[in-house]
Amino acid sequence: MTFFLFSTQVFLTLVTCLFFFPIYGTLPMSLISFPPSPSPGRSLVFDVRSFGAVGDGVSDDTQAFQLAWDTACQAEELRTLLVPKGNVFMIQSTIFTGPCKSGLTFKVEGTIMPPDGPDSWPKNKSKKQWLVFYRINGLTMKGGGLIDGRGEKWWNLPCKPHKGINGTTLPGPCDSPVAIRFFMSSNLRIEGLKIKNSPKFHFRFEDCQNVHIEKLIIRSPALSPNTDGIHIENTNNVRIYNSLISNGDDCVSIGAGCYNVDIKNIKCGPSHGISIGSLGNYNSRACVWNITVSESVIKHSDNGVRIKTWQGGRGSVSKVTFESIHMDNVRNPIIIDQYYCPLKNCINQSSAVSVSNVSYSNIRGTYDFRSFPMRFACSDSVPCTDIMLSQVELLPSQQGHLLTNPFCWNVYGTVHTPTTPPLLCLQEGPPLSLPQHDVAPCY
């Protein structure tokens, strides 16, 4: 009886090896897992090594990741695409396409990185994006691993700001890839990831809805150009919580078409702060509303909480709350700039994206004495209205310097409690008349 059982097991093992060997070639069988059908709540695991990924940091693992994605995407059960710990996977620019069956998790426990710089980037691949998730519903992306954008060679392109002689920008190819882009996707949860040194934006969400982002660590050098931590555009119902971001541009940037955005407990800096905009470029129409930023710290940054719009735009920014934010040696802790123009040669235009119903409460800390603690530079033709301030206390970070007076231009609102420094330049109440520059409502 014992001999019969042993022979049966040997026979089944031989059949299994003969059947699967042609499919997987010379892959070690220890890397090929065939999990049983899961019980309710259990997740199938698709280890990228089982699909041919090497994970030595040199081999091109793009095809293996694509195959693992395509297989996991269409599986019926709860499933996890696993990037295992202890390996470094090099992936070319690629698009992970949906729609997929719901219940998919992309778990990063190892390291993922792209080719090293523009000279290593394949000529037939887009230099504007690296990892793209397209038309995905219900994806969770998490893990304790690392996504390394290897951005240094991109930052040093001559076309980048301050790389030319005397801080100028030189002509030449300038496209740089966004590290992770979600496009036309919904019900996303991004949690617990570490990402560093993206060539451009670290995360970009476009035309997405219902996005929950939590416990991210995003790092790149303070002088790395255009390395926004999280950028959202035409995206709504977004929650960004409990994350640490330090980079060379905005920690979080909110573009046109965004609404219902809640940002809470962000440690931001060094950076350019948390920004709405820029909006209205090329005379475009932009609508942003119902934005809240609260319980956050911004330190050693060029800006604190900022709204920036170009001249000539249309639309509106409204229903914005900045609350319980600590500033630590920040230039321009509170700023509305309707004359935003990084090109320095913009012409004056009469139309503007209007800014109204913006509240600043419990904003405290220190500012760089070389800048204004509060700066409201509003359009000549479209004033900022319904700007409300309470419990604002901002002191120079360097000892021995006097308080700097805030700057105001064409701004109307209410100071509910005395501010430090005093905001004497704010015009109380509403303006006598408002221009009808854009009659179409934003919401």
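The values are calculated or read from the model by the stated rules, or taken from the named source; none is laboratory data. Just so it is clear, the structure is predicted and the values come from calculations on it, not from any experiment. Heads up, the Cβs are rebuilt from the backbone with ideal geometry, glycines too, and the neighbour counts pull from every protein chain shown. Heavy atoms of the whole protein, side chains included, go into the accessibility calculation; ligands, DNA and RNA do not. Shrake-Rupley method; radii C 1.70, N 1.55, O 1.52, S 1.80 Å.
Here are the numbers for this structure:
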{"read-out": "Identified option (computed Rg and Dmax of the Cα atoms in Å; candidates [x] 30.0, 91; [y] 21.5, 68; [z] 25.7, 100)", "value": "[z]"}
{"read-out": "R0 of 41 Å, Cβ-Cβ distance Asp56-Thr97: FRET efficiency to nearest 0.05", "value": "0.95"}
{"read-out": "Inter-site label distance for Tyr443 and Glu393 at 7 Å from Cα along Cβ, in nm", "value": "3.2 nm"}
{"read-out": "Counting DSSP beta bridges with both ends in region 196-306, the antiparallel % (nearest 5)", "value": "0 percent"}
{"read-out": "Per residue value of the accessible surface for the chain (all protein chains in place, 1.4 Å probe), Å²", "value": "46 Å²"}
{"read-out": "Crossing angle, helix 2-24 versus the chain [Cα axis fit, 0-90 degrees, rounded to tens]", "value": "50 degrees"}
{"read-out": "Label-to-label distance, nm, for residues given as Asn234 and Leu432 (7 Å Cα→Cβ offset)", "value": "4.2 nm"}
{"read-out": "Hypothetical label at Asp262: residues of region 204-240 whose amide nitrogen lies under 14 Å (7 Å Cα-Cβ projection)", "value": "210-214, 237-240"}
{"read-out": "Cα-based reach from Lys319 at 16 Å (exclusive), listing aspartates and glutamates while leaving out same-chain residues under 8 positions away", "value": "Asp262, Asp386"}
{"read-out": "Cα-based shape type of region 300-372, given that a ≥ b ≥ c are square roots of the gyration tensor eigenvalues and the cut on a/c is 1.5", "value": "oblate"}
{"read-out": "Carbon + sulfur, % of accessible area of the chain - ligands and nucleic acids excluded, 1.4 Å", "value": "55 percent"}
{"read-out": "Rounded to the nearest 20 debye, dipole of the chain from Cβ charges on Lys, Arg, Asp, Glu", "value": "380 debye"}
{"read-out": "Zone of His401's modelled label, taken as backbone nitrogen in region 288-308 under 18 Å from a point 7 Å along Cα→Cβ", "value": "298-305"}
{"read-out": "Calculated [θ] (222 nm, deg cm²/dmol) that DSSP helices of n ≥ 4 give over the chain, each run adding -39,500 (n - 2.57)", "value": "-3000 deg cm²/dmol"}
{"read-out": "Cα long-axis angle, helix 62-74 against the chain (0 to 90 degrees, to the nearest 10)", "value": "90 degrees"}
{"read-out": "Region 109-152 shape via C-alpha gyration tensor axes, a/c threshold 1.5", "value": "oblate"}
{"read-out": "Contour excess over end-to-end distance, with Cα ends at Glu76 and Asp119 and 0.36 nm allotted per residue", "value": "11.4 nm"}
{"read-out": "Computed label-point distance, nm, for sites Arg189 and Arg135 using a 7 Å Cα→Cβ extension", "value": "2.5 nm"}
{"read-out": "18 Å Cα-Cα reach of Lys153 towards aspartates and glutamates, excluding residues that sit fewer than 8 places from it in its own chain", "value": "Asp116, Asp119, Asp175, Asp228, Asp249"}
{"read-out": "Prolate/oblate/rounded label for region 105-230 (Cα gyration tensor, a/c 1.5)", "value": "prolate"}
{"read-out": "Over 20 Å between alpha carbons, listed pairs Lys85/Lys196; Lys85/Lys127; Lys142/Lys196; Lys264/Lys299; Lys200/Lys299", "value": "Lys85/Lys127; Lys200/Lys299"}
{"read-out": "Segment Glu295-Gln349, length gained on full extension (0.36 nm per residue, minus Cα span)", "value": "15.8 nm"}
